[in-house]
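The block underneath contains the structure these notes are about, expressed in structure tokens.
The values are calculated or read from the model by the stated rules, or taken from the named source; none is laboratory data. Being a predicted model, the structure only gives us computed values, none of them experimental. Here the Cβ positions follow ideal geometry from the backbone for every residue, glycine too, while neighbour counts run over all protein chains shown.
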Amino acid sequence: MKRQGIYWLVDHPSPLHEERSALLEELDFVVTFYSNFEDMYKDLLVKRVSIILIGDELDPEQVRQAMDQLAGMPDIQGARLLLSLSKANDELCFYASCYGFRDIIPLSLDESDWLHRFQFSTASNNEMSQLSAQQGSTVNDSIAVGIPARITWINGEEIWLESKARPYLGDGLRVSGPLADEMGSQVLNLKVKSQESKNLAYRFSEAAVCSWEADQDAPPENVEHVINELKKNNRGDKKKVFLAMQSPALRNAIMKYLDPKLFDVHSALQKKSLISEPKYFTPSLVFIEYRLCEGEAMGRFQDMVAQTPDHSTVVLVGAKKEDVAKFHNFALGRNIEALFQIPKNLPDLIQSKYLKTKNGSSGQNIHISRSHRYTFCEINLDARLERVGGDFFQIRIPMGLANYGLVKLILKDGQTLFAKVVGSTTPKKRVEGDEQSEESHDHTITCRVNWINSEHKSKAVTLINNR
């Protein structure tokens with residue numbers, strides 16, 4: 001059986017890191033340590049891995065930059081990103097949750113607990129969904145929940161917010177983060193106008209278009225200054241490009257012609273991602289390796305094309321012009337082009353032939369760079385803690401929330417916990433004909449808490465039990 005590779009960024013591997021590596025080696029993993037991100041990045045361009053650990057031992061800003069570059073790399077879309085935590089650091093945990101990291105693993109856990117946590121963090125979603133807090137004790141306590149989110153664009157009246165939250169139309173949202181802080185507002189007050197599941201930029205599954213306003217006591221000049229500052233640096237609406245390629249060399253040959261200032265690029269890590277990624281990413285341009293859509297793979301090609309916008313262009317890389325004709329019946333009206341070799345004038349071809357619309361800002365929307373601190377934010381909810389069992393909490397929240405993301409939990413004493421959502425229930429529906437039945441928007445989510453150590457867990461559980 002082929003051994004699975006793991007890349008681990010850590011300043012200087014300690015004896016404890018080596019011990020953890022040895023545990024993973026026994027499970028047929030091959031761990032490679034990197035002391036700087038540049039070396040890891042070079043190797044990722046040549047050999048992709050599906051598990052990447054980022055340690056917090058480097059300077060915090062270096063860690064955040066590594067997170068930012070990883071989250072934006074097309075070559076690792078679908079990889080399981082994990083934060084290895086040697087000490088409590090709420091800020092890094094917040095950024096990890098916003099970057100769509102799969103989980104946070106404290107390095108100081110006991111050996112068996114650490115290994116169990118790693119296996120849980122890298123398990124399939126189906127395995128996670130079977131876990132719950134059903135055997136725990138019932139409680140009824142208030143708890144604050146922070147759902148990580150990203151702001152993609154903003155204008156004077158509306159904002160595009162991406163997260164795993166599924167609010168209802170008309171819901172009011174309180175959103176905190178650097179953008180609100182800079183405006184002098186404790187939160188931004190949003191009202192959901194529409195729900196979106198396409199044109200997504202980040203590692204989340206949902207988006208909402210909302211009206212927004214700052215708090216009443218926020219200085220108007222602060223709000224105006226922030227909006228004007230963003231206008232000056234408006235990056236415009238990048239064109240989205242999807243790469244469906246198994247060959248790293250071919251993928252890198254195209255990537256070097258895609259200016260990151262003009263293009264937002266995603267790549268399929270696995271064949272199944274050929275269909276799922278375009279569904280949410282909504283690319284204007286697709287480059288697909290010809291061998292991935294020949295013969296029996298023609299059906300998969302049609303399924304992928306069906307997920308792209310009507311105006312998109314699909315380029316068959318490695319195909320000849322005469323090969324294009326047999327794809328027209330499967331193209332569903334999309335423009336199909338052949339590219340036998342990668343030419344040096346590829347940027348000109350993209351702008352003049354493959355893209356049907358020019359780059360530029362959409363209307364009055366101010367698009368914020370994915371690395372700008374204003375994109376990072378949190379949806380703040382008041383919730384109820386209903387059940388506690390071992391490492392699992394059951395919490396009732398007033399909206400839906402997709403599974404497998406990280407959330408922040410704040411207990412009544414201000415203690416902060418980070419947890420991974422592993423399950424959720426649908427709300428009660430009104431029973432037709434039953435006048436006493438009521439429809440509820442409340443959802444119950446099951447989370448696995450990231451305890452830093454046994455003392456951390458004991459303190460929190462004692463507080464809950466003494467409510």
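Numbers below:
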| quantity | calculated |
| --- | --- |
| Check on PRO248, crowded, with 22+ Cβ neighbours inside 10 Å, over 17 Å from THR152 (Cα atoms) and modelled with pLDDT under 85 | no |
| Candidates GLY236, GLY177 - the one that is touching a His at 6+ places or on another chain (Cβ under 9 Å) and at positive phi | GLY236 |
| Output for the range 238-261, where each listed residue is part of a loop (DSSP other than H, G, I, E, B) and touching a Pro at 6+ places or on another chain (Cβ under 9 Å) | LYS238, TYR257, LEU258, ASP259 |
| Output for the range 31-56, where each listed residue is of a type in the set (A, V, I, L, M) and part of a strand (DSSP E or B) | VAL31, ILE51, ILE52, LEU53, ILE54 |
| Complete set of residues in the range 57-101 that are within 22 Å of HIS266 (Cα to Cα), part of a loop (DSSP other than H, G, I, E, B) and aliphatic (A, V, I, L, M) | MET73, ALA79 |
| Cβ pairs under 6 Å, 6+ apart, first in the range 43-71 and not assigned by TED's automatic domain parsing to the domain that holds LYS87 and surrounded by fewer than 20 Cβ atoms within 10 Å (Cβ to Cβ), second of a type outside the set (Ser, Thr, Tyr) and modelled with pLDDT of 90 or more | none |
| Residue among PHE263, PHE204 that is within 24 Å of PHE376 (Cα to Cα) and in contact (Cβ under 8 Å) with a residue 40 or more places away in the chain | PHE204 |
| Enumeration of residues in the range 108-118 that are free of Cβ contacts under 8 Å to residues at least 12 places away in the same chain and farther than 14 Å from ASN450 by Cα | SER112 |
| Candidates SER21, SER108 - the one that is among the polar types (S, T, N, Q) and modelled with pLDDT of 95 or more | SER21 |
| Residues within the range 153-188 that are closer than 18 Å to ASP217 by Cα, surrounded by fewer than 22 Cβ atoms within 10 Å (Cβ to Cβ) and among the polar types (S, T, N, Q), tallied | 2 |
| Members of the range 305-320 found to be loosely packed, with under 12 Cβ neighbours inside 10 Å and modelled with pLDDT of 90 or more, listed by number | LYS320 |
| Selection count, the range 28-64, where residues are among the hydrophobic types (A, V, I, L, M, F, W, C) and closer than 10 Å to VAL10 by Cβ | 4 |
| Subset of the range 258-279 [modelled with pLDDT under 80, crowded, with 16+ Cβ neighbours inside 10 Å and hydroxyl-bearing (Ser, Thr, Tyr)] | SER273 |
| Lone qualifier among VAL192, VAL139 - being outside any helix (DSSP H, G or I) and without any contact (Cβ under 8 Å) to a residue 60 or more places away in the chain | VAL192 |
